[in-house]
1. Of everything in segment B:41-64, what is more than 7 Å from chain A (Cβ to nearest Cβ), among the small types (G, A, S) and within 18 Å of A:A140 (Cβ to Cβ)? Give them in sequence order.
2. Within segment A:11-20, track down each residue that is within 45 Å of the chain's Cα centre (by Cα) and open to solvent by less than 70 Å² (accessible area, probe 1.4 Å).
3. So the check is Cβ under 7 Å with 6+ separation or different chains; which pairs have a first residue in segment A:98-126 that's without any contact (Cβ under 8 Å) to a residue 12 or more places away in the chain and within 8 Å of chain B (Cβ to nearest Cβ) and a second one that's open to solvent by 10 Å² or more (accessible area, probe 1.4 Å) and charged (D, E, K, R)?
4. Here are A:G255, A:G300: which of them is within 13 Å of B:L284 (Cβ to Cβ) and open to solvent by less than 40 Å² (accessible area, probe 1.4 Å)?
5. Would you call B:E269 away from chain A (no Cβ under 12 Å), open to solvent by 10 Å² or more (accessible area, probe 1.4 Å) and assigned to a helix (DSSP H, G or I)?
6. Those residues that are within 11 Å of DNA strand C (Cβ to nearest atom), open to solvent by 20 Å² or more (accessible area, probe 1.4 Å) and in a helix (DSSP H, G or I), I need them from segment B:26-78; list them, please.
7. Taking segment B:202-232 as the region of interest, how many residues are in a helix (DSSP H, G or I) and either open to solvent by less than 80 Å² (accessible area, probe 1.4 Å) or not assigned by TED's automatic domain parsing to the domain that holds B:S192 (or both)?
8. Considering segment B:1-25 alone, what residues qualify as being within 10 Å of DNA strand D (Cβ to nearest atom), touching a Phe, Trp or Tyr at 6+ places or on another chain (Cβ under 8 Å) and either part of a loop (DSSP other than H, G, I, E, B) or not polar (S, T, N, Q) (or both)?
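The values are calculated or read from the model by the stated rules, or taken from the named source; none is laboratory data. All values derive from a computational prediction rather than experimental measurement. Heads up, the Cβs are rebuilt from the backbone with ideal geometry, glycines too, and the neighbour counts pull from every protein chain shown. To get the accessible areas, we keep the full protein, side chains included, count just its heavy atoms, and leave off ligands, DNA and RNA. Shrake-Rupley method; radii C 1.70, N 1.55, O 1.52, S 1.80 Å.
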2 protein chains.
Amino acid sequence: MSRRRVTISDVAELAGVSYQTVSRVVNNKPDVSESTRKRIQKIIKETGYRPSQIARSLVTARTATIGLVVPDISNPFFSAVARGVEQLAYSQGYSILLCNTGEDVTRELDVLHTLHERYVDGVIVCGLRQEDALLQEALANFKAAVLVNRRLQGEPVPAVLIDDELGGYLNTQHLIQLGHTAIGFLAGPAASYSGTQRRLGYSRALVEAGILLEEKWITNFTPTVSDGEAAAEVMLQANPELTALICHNDLMAVGALRYCAASGRRVPEDIAIIGFDDIMLATLVSPPLSTCHVPRVEVGRIAASMLIEQINDKADWSDEIVIQPHLVIRASTAAPAGVSDDAIMQPTPDHIPLG
Amino acid sequence: MSRRRVTISDVAELAGVSYQTVSRVVNNKPDVSESTRKRIQKIIKETGYRPSQIARSLVTARTATIGLVVPDISNPFFSAVARGVEQLAYSQGYSILLCNTGEDVTRELDVLHTLHERYVDGVIVCGLRQEDALLQEALANFKAAVLVNRRLQGEPVPAVLIDDELGGYLNTQHLIQLGHTAIGFLAGPAASYSGTQRRLGYSRALVEAGILLEEKWITNFTPTVSDGEAAAEVMLQANPELTALICHNDLMAVGALRYCAASGRRVPEDIAIIGFDDIMLATLVSPPLSTCHVPRVEVGRIAASMLIEQINDKADWSDEIVIQPHLVIRASTAAPAGVSDDAIMQPTPDHIPLG
DNA sequence: CTGAAAGCGCTAACAG
DNA sequence: CTGTTAGCGCTTTCAG
């Protein structure tokens, strides 16, 4: 049904003052007598007047809006980041323009153009596949920008990065400390930045422990449950010597869990399995999954606060924050058969097994 | 680093025409000679000129933006709806302003005010707890509005509703057809609209089958895994005659599954369990959960298309679309002990059990 | 085919 | 303390 919008002039007329005076009370500026201020406030309340951000933005060249670009908001990783971004932004008076790219590289530039046309004060950009130079060029249109989990060649753009290398290292080190030496790596897509980093951490931990890295112990799949299942099957049939699997993420790890259940392998007694991300699902499967926790909401909050600092000229374009993930040991990892339990710190399962 | 914005006048000056002419080519209007059009287009491309949506909105009173209000974007239900809204909106040239309310009733009105100030063309509102009259009042500020899964007293507001009553009915009917007669209902919070509806469907199916409804077979809990676990324990210990449990949602159903596993009850042989929503998790637990599927992305798409029709005056404020959920039979439901399998259509498990 | 003028609703200087 | 005058960058209307 919608009603007519009341403007600043309507209020001014009702109050019998110039609209300038109304503007002053709306913006809490001085130089208005208490009596007229009160009177105007009363009228504002009665009429339900709301200042037009549009008109305001046109003159101030600020929109109090930030653009958030993600591949897919229904992906739990990005929706958690979005939650964090929104939390912090809202507390500072900013609104969020949300853009999905649907993993489509053309659309990535597209939405950045849209955001530019809408004069957003800054953009937070997650998981884009766009090549460095073009992305750089597109971001130059904004007063402020923050990348999530990506670093650009050339001119630096502020970024919040997850230390995936460390995550891969921690996962691997955990298994090594339990006594594993034949550790497979179910990697994600070869092109993925975080995938590469996690794999580097895996290598570093092996080298540090003096374990030879076998190329055949690494395989690339899509990071989904069904691919994790397939990957585990391929891997364990080709390399029966493996006693542990490190998975690119929790979904793949759950897939691996399923394959093990289906093929009669016990986890963690026959095969130790560890994931990455620490999604809710990790706590619900059987056995509950050991994994590397990534604080996703925190990532969003930090990205937003970096962005707002840039907008306020309190930061420059070279900042970079690296977030450390940490191990969460549940029940899917344990010492391999044949290694005495006494020699090893054994995690206590904290969940009733399911099914 | 950000660069200076180029305006329509900059382009006009470079082209040696009035900015009017530039406006014409930008908006693909007639009455411009091919040669000047080409020339201007070239300059637009070179300078990277983008029209200011802000200025444009100020004069057209349209922002090509829709507000999306959700309690929590990191909740999979709402992020799926958001995905649907975004998909359709983007295809029609609209952008999304995303607002979380964090389940906070005050903030609900707050964000609606913000969206009003930003002149969004319409709002899609999901899962708000605000009382009818106040919500109604706040929505009257918008040219268009769509409610998701809520119906307002008084003036009708367009809504896309999920037929929860039908869902509850289908779930119950399924169990009755399998031969169950002692069917517990693990309900969600008593105040929840969809909860009430699902329960009504449960009653209807029982009545239809001539089964007496026992109040003690119904219990209210929070719709989480842990509460589902607790609810199942309370229910099954107090009512050992039960052979099936209907759960308010999949999370509770997973909790019930866990309790059964922990207490040595086999599912579906000893207890049949059915959920609601069909979240990803439902396919991954053991046994895979029978449930009632709610097409969440579709809900978002429909809401967006209804909204855009309203914006374009192609719809009025009384439309209402009801989405039918449907059964997904997996392996957590079967005939109760003592009922001959021959007499009953038995679902085939389509998933390898986990753990 | 093109330009000039007016105004969207507001803020930011200046005058009184 | 308050009002007046300019725009912000664009679309719309009306003259050329």
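1. B:G48
2. A:V11
3. So the pair list comes out as A:E117/B:R50.
4. None of the other options fit; the residue is A:G255.
5. Here the answer is no, as B:E269 does not meet what is asked.
6. Once the filter is applied, which keeps residues that are within 11 Å of DNA strand C (Cβ to nearest atom), open to solvent by 20 Å² or more (accessible area, probe 1.4 Å) and in a helix (DSSP H, G or I), segment B:26-78 yields B:E34, B:S35, B:T36, B:R37, B:K38, B:R39, B:A55, B:R56, B:L58, B:V59, B:T60.
7. 13
8. B:V6, B:T7, B:I8, B:D10, B:V11, B:A12
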